[in-house]
1. Could you list, in sequence order, the residues of the stretch 21-35 that are open to solvent by 60 Å² or more (accessible area, probe 1.4 Å) and either at pLDDT 90 or above or closer than 25 Å to PRO150 by Cα (or both)?
2. What do you reckon, is ASP85 over 16 Å from ASP10 (Cα atoms) and at pLDDT 85 or above?
3. What number of residues within the stretch 129-187 are part of a helix (DSSP H, G or I) and among the polar types (S, T, N, Q)?
4. Could you grab the pairs with beta carbons closer than 7 Å, sequence gap of 6+ or different chains, first residue in the stretch 147-175 and over 21 Å from ALA37 (Cα atoms), second one open to solvent by 80 Å² or more (accessible area, probe 1.4 Å) and assigned to a helix (DSSP H, G or I)?
Amino acid sequence: FFPNAQWVGDGMQVVVEVDDVPHTFNVEMNVDAFTAAFVGAHVSRTEDSEAVVATFEDSVATTGRRPEALLLDNKPSNHAPAVDDALGSTLRIRATPYRPQNKAHVEGGFGLLKPTLEGLTLSGNTPQERAASFLRALVITAARAINHRPRRDRGGASRADLMKGTPSPEEVEHARRSLRERLARQEKARET
């Protein structure tokens, strides 16, 4: 319909390794159905009604308004009294059973997010090492997210899409020749 008319919510399990010990968390997210924007998220140990409520509250804080409706799957935690209380006048709509495409907005969002989060580890023997590890995970996450963002100047292809291209042998030889010529010019310029 329009932005903030309907949000689609769901949870996804994510494993984070800290000091060689895997920890599983629930990442609960809401996605706006019109814009496909991630409007809110919450990280918790389990997918429960508290996570649904916290994600809804984060989404409202992010957008500054409540949606007309929130589509959730049929897990009992999504339809608990606490969720109804938090939603207030927002309609809670149940997703069609056994049809994940009914929640395509959030499922697609998870599909984009999953390769960004996979393999992140936090470790270190000192606070400084753990801080560096945390920063490394943030940089990797940001870079992976940017790599999967479509680019208008490249016909909608993302950096990751473009990296999948395979040059022809002629293109490889042309590039090598051009790069050798550039290197030779630079070396000659340094000599003088």
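The values are calculated or read from the model by the stated rules, or taken from the named source; none is laboratory data. Just so we're clear, the structure is a prediction, and the values are computed from it rather than from any experiment. We place every Cβ from the backbone using ideal geometry, glycine too, and count neighbours over all the protein chains shown. Ligands, DNA and RNA are excluded from the accessible area calculation, which covers all protein heavy atoms including side chains. Shrake-Rupley method; radii C 1.70, N 1.55, O 1.52, S 1.80 Å.
1. Residues satisfying the conditions are PHE34, THR35.
2. Numbers: over 16 Å from ASP10 (Cα atoms): yes; at pLDDT 85 or above: yes.
For ASP85, the condition - over 16 Å from ASP10 (Cα atoms) and at pLDDT 85 or above - is met.
3. Let us first name the residues in the stretch 129-187 that are part of a helix (DSSP H, G or I), namely 129-147, 152-154, 159-163, 169-187.
Next cut, among the polar types (S, T, N, Q) only: 133, 141, 147, 178, 186.
Within the stretch 129-187, residues that are part of a helix (DSSP H, G or I) and among the polar types (S, T, N, Q) number 5.
4. Matching pairs, first to second residue: LEU162/ARG154.
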